[in-house]
Amino acid sequence: MSKKHSLNQSRNTSVAWCWVLVWAHVIAGLATLSFQFPFADQKRKNQLIQAWSKRLLNIFGIELRLKNQAILPNTPFLLASNHISWMDIHAINAFNPICFVAKSDVEGWPIFGWMAKQVGTVFIKRDNSRHGKHIAGEVSKVLQTQSVCIFPEGTSTIGESVLPFKPNLFESAVTADVPVYSLAIAYYSSVTGRRSEVAAFVGEMGLLESMASILRNHRLIVELTFLPPSGGHPEAPRDRKWLALHSQEAISSYLNGYQTLM
């Protein structure tokens, strides 16, 4: 048996074992949501979500790195982020659980859609402006008591650039009178330190296909960099279009300045 064949066989065995760990973890999550969540307060729910997300990142071989997390307040805020992968949500929750707004397609995902709904995800129909305005009103109510994360690009990218931010959901921050913080997400290879597209969930790619891609590589770093409120202070102009543009430009400028892991 050649050395190359032996290495490939070992790698395949490792990936197969990771799949076992993934599905065991998903089953454990379903059990938690079914039997513990109904009786837990929000603090306990957050602890369970954070622990589950940290374990998921570990199984997929993803290291979490944080920058500027100390700028986030203890009071509710709207967090606007670029979007690369379905893993983004779990990376953020591994740091600090937050309520998410996701496209309605996610609600229909087998197992994972139900799980997302149980942890309080708000679903939006991206092609329906009237529904978007209604969701903005719902999000503003959530912002009265807890922070919310949105992905205003409306889709995911490979992470090289940031698409224009749709302003509708920024109206929720205006209505709730809370600051808008921005989040720049980037994935790197832990081997080369360069930006990686392995985690990107784009085009016609299916969830299982994306999971398999990450498991095969298994050596990634996800970096979450938190940027100050739009305008540099919480009392920035209260216009949704201005807030969306400022957040988009802040994230884009940061990502364009860091092509390799520093």
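If I filter the stretch 111-118 for residues that are buried (at least 17 other Cβ atoms within 10 Å of the Cβ) and closer than 23 Å to Gln248 by Cβ, do I get at least one hit? For the stretch 111-118, residues buried (at least 17 other Cβ atoms within 10 Å of the Cβ) and closer than 23 Å to Gln248 by Cβ: absent. Considering only residues in the stretch 76-110 that are open to solvent by 30 Å² or more (accessible area, probe 1.4 Å) and modelled with pLDDT under 90, the one that is nearest to Gln42 (Cα to Cα) turns out to be Glu107.
The helices (runs of 4 or more DSSP H) found entirely in the stretch 92-182 that carry 3 or more residues being over 25 Å from Phe39 (Cα atoms) are 104-107, 129-142, 171-176.
Restricting the search to the stretch 15-70, which residues are among the β-branched types (Val, Ile, Thr) and over 24 Å from Ser147 (Cα atoms)? Selection gives Val15, Val20, Val22, Val26, Ile27, Ile59, Ile62. Tell me whether the stretch 13-31 contains one or more residues that are of a type outside the set (Lys, Arg), in a loop (DSSP other than H, G, I, E, B), at pLDDT 95 or above and surrounded by 15 or more Cβ atoms within 10 Å (Cβ to Cβ). No. Within the stretch 104-125, residues that are of a type in the set (Ser, Thr, Tyr) reach partners that are part of a strand (DSSP E or B) and surrounded by 15 or more Cβ atoms within 10 Å (Cβ to Cβ) with beta carbons closer than 8 Å, at six or more positions or on different chains, in the pairs Ser104/Phe123; Ser104/Ile124; Thr121/Cys99; Thr121/Phe100; Thr121/Val101; Thr121/Ala102.
Looking at the structure I just gave you, is Ile62 out of contact with any Asp or Glu (no Cβ under 7 Å at 6 or more places or on another chain), under 30 Å from Gly154 (Cβ atoms) and either modelled with pLDDT of 95 or more or not polar (S, T, N, Q) (or both)? Judged against the criteria, Ile62 is a match.
The values are calculated or read from the model by the stated rules, or taken from the named source; none is laboratory data. No experiment lies behind these values; they were computed from the predicted model shown. Using ideal geometry, Cβ is built from the backbone for each residue, glycine included, and neighbour counts are taken over all protein chains shown. Each accessible area value is taken on the protein alone, full model and side chains, heavy atoms only, with ligands, DNA and RNA left out. Shrake-Rupley method; radii C 1.70, N 1.55, O 1.52, S 1.80 Å.
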